[in-house]
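Encoded as structure tokens, the structure appears first; notes follow it.
None of the figures in this text is laboratory data; all of them are computed from the coordinates on show. Bear in mind the structure is a predicted one, so any value in this text is a computation, not a measurement. Using ideal geometry, Cβ is built from the backbone for each residue, glycine included, and neighbour counts are taken over all protein chains shown.
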Amino acid sequence: MSYRTNERGFALVAAVFALVIIAALVTGAFFAARQELRTGRSSQTFQRAFGAAEAGLNNTVADWQTGQWNAMAPGDSATISDTLPSNTGSYAGTVRRLNNELFLIRTVGTDPSGASQRTLATLVRLLKIEMNFPASLTTRGDLKLGGSSLIDGRDAPPSGWACPLTGLDTLPGVTTPDPSRITTSGCSAPGGDYKCIIGDPDVKTDTTINDSTFFKFGDVDFDELAEMATKVYPPGDIGPLNQIAPLGTATTCQTNVLDNWGEPYRPGTVLGCLNYFPIIYVEGNLQLTGGRGQGILLVGGNLNVQGGFEFFGPVIVRGVLTTGGTGGHFSGGVMAANVDLTDQSSILGDAVVTYSSCAVNEALKFNAPGRILRNRSWAEIF
């Protein structure tokens, strides 16, 4: 006895089943490929955001805003932000002062598409510029003193400055490798004493004075200081300048004005410039006939002061220092390197050079650049 089996439609079912299996495999492969693409893109944007955040840290340190951030009180902060070139992302963050020396920089980097962000932070320490003045005036060439001038090595803060009155020391009035090269006119007493020099001693002999004394300051040298200058005068002879004065208001200071060297008077007429201590660099010779300023003054040639100009802070002169007439008043420390030893420095007229660790330290503290700590330079914040 035979049976007939109806097998019509089986091929269709098998074909549909095969199509389902193939579709599932294709869908799985497509899903895996899509996930791989998303993962790759995510990794790329993640890395770009990381690079933007790291660039924010490096750019902030490289462009350290001494005028703003070094004047902040501990606990205060400033915002930072920038868009990186070539469409590589952007960053934003803060610079927070932790204490007198340490700062915390925190940056959030964003990739160009805005799809990913990374947050980095680092500690920065101020790199203090070391200037150890051996005297109120240090020179290694000929020096002529006279008139009613005074070189005073007794440490004293400028009038009205809020500096400690303890721990003050008295330095020599003048330090030189050869005191016989000092000549006086009208200020010497019988027996060879210097009536226009006060110090402990009045004049100190130091035969070890060399170029490093004048042009090397800890980890920073004269040229590096010149590169850090915020006031740079064009090459050639500059002056006479008689308009050096602070410019601003009670709360602002126009630091972009070349002849604004801060407000040294306490209390001053331009309160917004009290905490502004620029580094001033003149490549050639400089002549000053009036005005006032504070900070660090670097002169590549000779410095000639013929009026009642006043400056508070370190003064480094590669050439010779000459004062006359009503003279100049310097509160801080002065070094005249006398690169050409055939030239003669002269402190005449009513010139006053007074040593002040307060004026020196305030100028150095203000201009100290930030440097990332060597160990554990940065950390990622999740």
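Miscellaneous remarks
- Once divided by 2.2 N^0.38 Å, the Cα radius of gyration of the range 230-382 becomes 1.15.
- Anisotropy class of the range 172-301 from Cα gyration tensor, a/c 1.5 cut: prolate
- In the chain, the DSSP-assigned H stretches of four residues or longer account for a calculated mean residue ellipticity at 222 nm of -7000 deg cm²/dmol, using -39500 (n - 2.57) per stretch and the full residue count as denominator.
- Semi-axis lengths, Å, the range 150-245, gyration tensor of Cα atoms, sqrt of 5 times eigenvalues: 29, 20, 19
- Extension gain, D63 back to L25 (0.36 nm per residue minus Cα-Cα distance, nm): 8.1 nm
- Three-way shape label, the range 70-173, alpha-carbon gyration tensor, a/c 1.5: prolate
- Under-5 Å amide H pairs with T170, H placed in peptide plane, nonlocal only: D155
- Between the helical axis of 10-62 and the longest alpha-carbon principal axis of the chain there is an angle of about 0 degrees.
- Most simply put, the chain has about 40% antiparallel DSSP beta bridges, counting only bridges with both residues inside it.
- Folded to 0 to 90 degrees: helix 357-367 orientation relative to the chain principal axis, Cα: 30 degrees
- Between the range 214-229 and the range 61-133, the alpha-carbon center distance in angstrom: 24 Å
- For the range 137-367: relative contact order, % (alpha-carbon pairs under 8 angstrom, 6 or more apart): 23 percent
- Two-site FRET efficiency, D237 against I381, from Cβ-Cβ distance with R₀ of 56 Å, rounded to 0.05: 0.55
- Alpha-carbon Rg/Rh ratio, for the range 9-126, with Rh computed the Kirkwood way: 1.44
- Compared with the direct C-alpha span, the chain from D223 to R34 gains 62.3 nm at full extension, assuming 0.36 nm per residue.
- For S346, the residues 5 or more places off, or on other chains, whose built amide H falls under 5 Å of its own are K144, L321, T322, T323.
- Note on S159 and D200: with the Förster distance fixed at 22 Å, the Cβ-Cβ geometry gives a FRET efficiency of about 0.45.
- In Å, descending, principal axis extents of the Cα set of the chain: 156, 44, 43
- The packing ranking of peptides 200-206, 298-304, highest mean first, is 298-304, 200-206, where packing means the average number of other beta carbon atoms within 10 angstrom of each residue.
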